[in-house]
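**Student:** Quick one: structure below, then a few questions.
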Amino acid sequence: ARHPSARSPISSGHLSVTRPDLVKKYGTHLWMDPGEPDVREHTRRVILDVVQRYDIDAVHLDDYFYPYKERDSAGNTIDFPDGRSWGRYVTSGGALVRDDWRRNNVDQLVQELYRGIRATKPHVKFGISPFGIWRPGFPPQVKGLDAFAQLYADSRKWLVNGWLDYFTPQLYWQINRPGLAFRELLDWWVSQNEKGRHMWVGLFTGRVNATPQSWGAQEILDQIAIARWQKGSTGHVHFSMRAFLPGLPGRDSLYERLMSGPYGVPALVPATPWLDSVPPAQPVITVRRGAADASVSVDLLPQGAEETWLWLVRTHASDGWRSEVIPGWKRALEVGSERAVDMIMVSSIDRSGNESHRAMSRIEPPR
């Protein structure tokens, strides 16, 4: 509900003022209690309001469900103060033990959000980036924090049941870290993905910095290579955008090495067929060559009722094929000003990543 770094005063409309019964102080933060049904409903309404009002691609939940454990001055663990909601559950005849009840509260929120987003705008994806370890011992050599027991996050259940569209386990450790090896964890998560959801591993790209604990850029490049090699892994997510901002020290030419290496050509977000498997109709293109130079004008005309979200444009010249991805609202483009294009193919991409049949045209050389 409120982070300690917040500088502005709490407004009169803040939930901690309007519904103080739903908000608990835990450590230095204010938290909404997931055990309160009104908290889950409030969260659902706010997120679905954003989905309804704005043209967004996805809703993303980070790794906070119940908070990471706080300790008192003596080092003793402080339990989350949800006695009121827990007591009401017990009094009403609830049979779960407290830890299972907490996990069930989070499970309910995840399910309700997924269903609500589907009903509101079916093309909007829902994804979660949980802590990278489900439980120590899964796979056997893994050690570390037990998010199942401490954060009450049964992230494996969400993946196995398909209650999301993409899954981004935070594998924020180096490839050869003992007990937390990147490759083994990724392989295990992929093996749990029974519903075939997108597996887009989370990378701790922010560790390429100027601190004594900094990683070199090669670590991130190698992790991307592993993720691309791993069958069932279809992408990756960087934490955070700050790693790519200009002028920051210690970045080891990360941006430049990405752009000249794995990001050297455009990429499309993989299709999401469980949301929509029907591709758009094949577009119509009209090609005109410039009278005085090698430039080529191309008119782009979508077909059918479904909106074109992106155009995938492939052009061929003596140096081979090149691809470009441009916004779907465009209705014309220019190609060939820098290379003698002799063929063009254009396809429509919809919001779920489905690609139409390609419209193709050969281009005669200039006379």
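The values are calculated or read from the model by the stated rules, or taken from the named source; none is laboratory data. Just so it is clear, the model here is predicted, and its values are computed rather than measured. Positions of Cβ are generated from backbone atoms using ideal geometry, with glycine treated the same way; all protein chains shown enter the neighbour counts.
**Student:** Within segment 193-216, does at least one residue satisfy the condition of being assigned to a helix (DSSP H, G or I), surrounded by 21 or more Cβ atoms within 10 Å (Cβ to Cβ) and not β-branched (Val, Ile, Thr)?
**Tutor:** no
**Student:** Follow-up. Pairs please, first residue from segment 319-344 and modelled with pLDDT under 95, second anywhere and part of a loop (DSSP other than H, G, I, E, B), Cβ atoms under 6 Å, 6+ apart in sequence or on different chains.
**Tutor:** Every condition considered, the pairs that remain are 334/295; 335/341; 336/294; 336/295; 337/295; 340/294; 341/363; 342/363.
**Student:** Next question. Which of the residues belonging to segment 251-269 are surrounded by fewer than 14 Cβ atoms within 10 Å (Cβ to Cβ), of a type outside the set (Phe, Trp, Tyr) and part of a loop (DSSP other than H, G, I, E, B)?
**Tutor:** Across segment 251-269, the qualifying residues are 253, 261, 264, 265, 266, 267, 268.
**Student:** Among the residues that make up segment 266-286, is at least one of them among the aliphatic types (A, V, I, L, M), outside the structural domain of residue 207 (by TED's automatic domain parsing) and closer than 16 Å to residue 167 by Cβ?
**Tutor:** Yes: one or more hits.
**Student:** In the list 315, 308, which residue meets the criterion of being assigned to a strand (DSSP E or B), surrounded by 13 or more Cβ atoms within 10 Å (Cβ to Cβ), of a type in the set (S, T, N, Q) and touching a residue at least 24 places away in the same chain (Cβ under 8 Å)?
**Tutor:** Just a single option satisfies the conditions, and that option is 315.
Yes/no per residue for (1) closer than 24 Å to residue 52 by Cβ; (2) crowded, with 17+ Cβ neighbours inside 10 Å:
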residue: 90; (1), (2): no, no
residue: 95; (1), (2): no, no
residue: 101; (1), (2): no, yes
residue: 112; (1), (2): yes, yes
residue: 115; (1), (2): yes, no
residue: 118; (1), (2): yes, no
residue: 123; (1), (2): yes, yes
residue: 129; (1), (2): yes, yes
residue: 142; (1), (2): no, yes
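**Student:** A follow-up question, please. Restricting attention to segment 349-364, which residues are more than 33 Å from the chain's Cα centre (by Cα), at pLDDT 95 or above and β-branched (Val, Ile, Thr)?
**Tutor:** Answer for segment 349-364, where residues must be more than 33 Å from the chain's Cα centre (by Cα), at pLDDT 95 or above and β-branched (Val, Ile, Thr): there is none.
**Student:** Filter segment 50-99 for residues that are over 14 Å from residue 151 (Cβ atoms), assigned to a helix (DSSP H, G or I) and without any contact (Cβ under 8 Å) to a residue 60 or more places away in the chain and give the result.
**Tutor:** Residues satisfying the conditions are 50, 53, 83, 85, 86, 87, 88, 89, 90, 91, 98.
**Student:** Somewhere in segment 228-241, is a residue part of a helix (DSSP H, G or I), in contact with a strand residue (DSSP E or B) (Cβ under 6 Å, 6 or more places away or on another chain) and surrounded by 18 or more Cβ atoms within 10 Å (Cβ to Cβ)?
**Tutor:** no
**Student:** Now for a separate question. Check segment 8-31 and report whether any residue there is in contact (Cβ under 8 Å) with a residue 40 or more places away in the chain and among the β-branched types (Val, Ile, Thr).
**Tutor:** Taking every residue of segment 8-31 in turn, none turns out to be in contact (Cβ under 8 Å) with a residue 40 or more places away in the chain and among the β-branched types (Val, Ile, Thr).
**Student:** May I pose another question? Based on what the data block shows, is residue 201 β-branched (Val, Ile, Thr), within 21 Å of residue 165 (Cβ to Cβ) and in the same structural domain as residue 252 (by TED's automatic domain parsing)?
**Tutor:** Yes; evaluated as a whole, the condition is true for this residue.
**Student:** Please verify whether segment 144-153 includes one or more residues that are closer than 30 Å to residue 35 by Cβ, touching a Ser or Thr at 6+ places or on another chain (Cβ under 8 Å), of a type in the set (A, V, I, L, M, F, W, C) and in contact (Cβ under 8 Å) with a residue 60 or more places away in the chain.
**Tutor:** Checking segment 144-153: at least one residue is closer than 30 Å to residue 35 by Cβ, touching a Ser or Thr at 6+ places or on another chain (Cβ under 8 Å), of a type in the set (A, V, I, L, M, F, W, C) and in contact (Cβ under 8 Å) with a residue 60 or more places away in the chain.
**Student:** Something else about it: I'd like to know if segment 335-348 contains one or more residues that are within 27 Å of the chain's Cα centre (by Cα) and assigned to a strand (DSSP E or B).
**Tutor:** yes
**Student:** A further question on this structure: Has segment 291-300 got at least one residue that is in a loop (DSSP other than H, G, I, E, B) and touching a Pro at 6+ places or on another chain (Cβ under 8 Å)? Don't jump to the end; show me each part of the working.
**Tutor:** First, the residues of segment 291-300 that are in a loop (DSSP other than H, G, I, E, B): 291-295.
Now narrow it down to the ones that are touching a Pro at 6+ places or on another chain (Cβ under 8 Å): 293-294.
Yes, some residue in segment 291-300 is in a loop (DSSP other than H, G, I, E, B) and touching a Pro at 6+ places or on another chain (Cβ under 8 Å).
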